[in-house]
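**Student:** Just passing along the structure, written as structure tokens.
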Amino acid sequence: MIHSLNTDRNFLFTSEFSSQPSKSLCFTGHREKSIPPYDNDPSYREMTYFALRLILSRYTDIAIKSGYTDFFSGFAEGVDLWAASEVLNRRKSNNAIKLIGAVPFLRHAQYFSGENIKLLQYVEKNADAVITTCTDANAVFNNFAPQGDPSRQLYRDRNYFMVDNSSAVIAFVNENIKWSGTHQTVNYALKKGIKVCRFGLKDVYALMEHSEFDVERMSEIVFHIGTKL
């Protein structure tokens with residue numbers, strides 16, 4: 001085990017964790033910096049996040065109704081933490097629900113914003129399990145390291161672990177980004193024949209437009225999205 005730097009949790013290693021893939025689903029999505037506000041207008045930033053979270057919440061409910069009980073989150077800023085929070089909210093009324101954190105390395109939250117550290121602490125403390133896919137407590141990510149350097153594989157290992165232990169993925173993908181960890185996760189899931197429920201910026205913006213930018217109307221519209229994952 002490795003002790004978290006943010007809470008009193010101990011992170012399990014992958015060898016210490018047993019999953020139920022047929023009942024498990026993982027989330028993947030972008031950090032806030034990769035989620036541009038509607039019309040690139042900063043005044044719409046919070047509403048854009050709100051609309052995205054509404055869709056994410058709806059798909060979480062659909063997943064639960066479809067029989068999924070164990071939910072993996074990578075605990076990254078943005079979609080990952082929002083999804084983890086949604087799962088914890090559902091667990092309050094359904095004790096079959098489990099939140100499983102999968103972090104790429106001990107220091108993954110080193111550059112999180114203050115608000116996101118608070119949210120990370122909340123989901124870490126309340127998760128049913130938190131696993132790290134890296135056993136080296138001193139590991140750091142280096143995007144400029146040469147190909148083959150272990151530090152370049154830290155996020156990939158976490159992403160693959162979540163997919164390998166799931167039978168479905170809920171993904172938010174910014175269609176304007178050519179490559180990201182989210183794309184990597186989705187592509188790996190598709191390669192393995194795992195079900196992918198995907199939505200993007202166009203869906204988020206469409207929800208805002210169809211509701212005429214009214215948050216109550218957004219909630220009404222999003223309720224009619226699908227019935228089964």
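The values are calculated or read from the model by the stated rules, or taken from the named source; none is laboratory data. All of these numbers come straight from a predicted model, not from anything done at the bench. Cβ: placed from backbone, ideal geometry, glycine included. Neighbour counts: every protein chain shown.
**Student:** Every residue in region 20-67 that is of a type in the set (Asp, Glu) and under 13 Å from Cys197 (Cβ atoms), please.
**Tutor:** Asp61, the sole residue that qualifies.
**Student:** Return the residues of region 1-56 that are of a type in the set (A, V, I, L, M), surrounded by 14 or more Cβ atoms within 10 Å (Cβ to Cβ) and closer than 25 Å to Asp164 by Cβ; say none if nothing qualifies.
**Tutor:** Of everything in region 1-56, those that are of a type in the set (A, V, I, L, M), surrounded by 14 or more Cβ atoms within 10 Å (Cβ to Cβ) and closer than 25 Å to Asp164 by Cβ turn out to be Ile2, Leu12, Leu25, Leu56.
**Student:** Here is a follow-up. Could you check how many residues of region 126-141 are over 21 Å from the mean Cα position of the chain (by Cα) and either within 12 Å of Phe75 (Cβ to Cβ) or modelled with pLDDT of 90 or more (or both)?
**Tutor:** 4
**Student:** Is at least one residue of region 140-161 touching a residue at least 40 places away in the same chain (Cβ under 8 Å) and closer than 26 Å to Ala51 by Cβ?
**Tutor:** yes
**Student:** Still on this structure, I have one more. Assess whether Asp61 counts as being modelled with pLDDT of 95 or more and either among the basic types (Lys, Arg) or crowded, with 22+ Cβ neighbours inside 10 Å (or both).
**Tutor:** Values: modelled with pLDDT of 95 or more: yes; either among the basic types (Lys, Arg) or crowded, with 22+ Cβ neighbours inside 10 Å (or both): no.
It is false that Asp61 is modelled with pLDDT of 95 or more and either among the basic types (Lys, Arg) or crowded, with 22+ Cβ neighbours inside 10 Å (or both).
**Student:** Tell me, please, whether a residue that is touching a Phe, Trp or Tyr at 6+ places or on another chain (Cβ under 8 Å), part of a strand (DSSP E or B) and buried (at least 17 other Cβ atoms within 10 Å of the Cβ) can be found in region 131-150.
**Tutor:** The answer is yes, given that some residue of region 131-150 is touching a Phe, Trp or Tyr at 6+ places or on another chain (Cβ under 8 Å), part of a strand (DSSP E or B) and buried (at least 17 other Cβ atoms within 10 Å of the Cβ).
**Student:** Quick check on Gly67: is it modelled with pLDDT of 95 or more, closer than 30 Å to Asn10 by Cα and surrounded by fewer than 18 Cβ atoms within 10 Å (Cβ to Cβ)?
**Tutor:** Yes.
Here is a yes/no grid of residues against (1) touching a residue at least 40 places away in the same chain (Cβ under 8 Å); (2) in contact with a His (Cβ under 7 Å, 6 or more places away or on another chain); (3) not β-branched (Val, Ile, Thr); (4) not in a strand (DSSP E or B):
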| residue | (1), (2), (3), (4) |
| --- | --- |
| Phe11 | yes, no, yes, no |
| Thr60 | yes, no, no, yes |
| Asp80 | yes, no, yes, yes |
| Glu86 | no, no, yes, yes |
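**Student:** For residues in region 109-125 being over 14 Å from the mean Cα position of the chain (by Cα) and buried (at least 18 other Cβ atoms within 10 Å of the Cβ), which is nearest to Ala137 (Cα to Cα)?
**Tutor:** Applying the filter and picking the extreme gives Ala109.
**Student:** Just for region 36-58: of the residues that are of a type in the set (Asp, Glu) and in a helix (DSSP H, G or I), which one is farthest from Asn174 (Cα to Cα)?
**Tutor:** The qualifying residue farthest from Asn174 (Cα to Cα) is Glu46.
**Student:** If the requirement is being assigned to a helix (DSSP H, G or I) and closer than 28 Å to Asp136 by Cβ, which of these qualifies: Ala189, Ala206?
**Tutor:** Values: Ala206 fails: closer than 28 Å to Asp136 by Cβ.
Within the list Ala189, Ala206, the selection yields Ala189.
**Student:** A further question on this structure: If a residue has to be touching a residue at least 40 places away in the same chain (Cβ under 8 Å) and out of contact with any helix residue (DSSP H, G or I) (no Cβ under 7 Å at 6 or more places or on another chain) to count, how many in region 109-127 make the cut?
**Tutor:** Qualifying residue count, region 109-127: 5.
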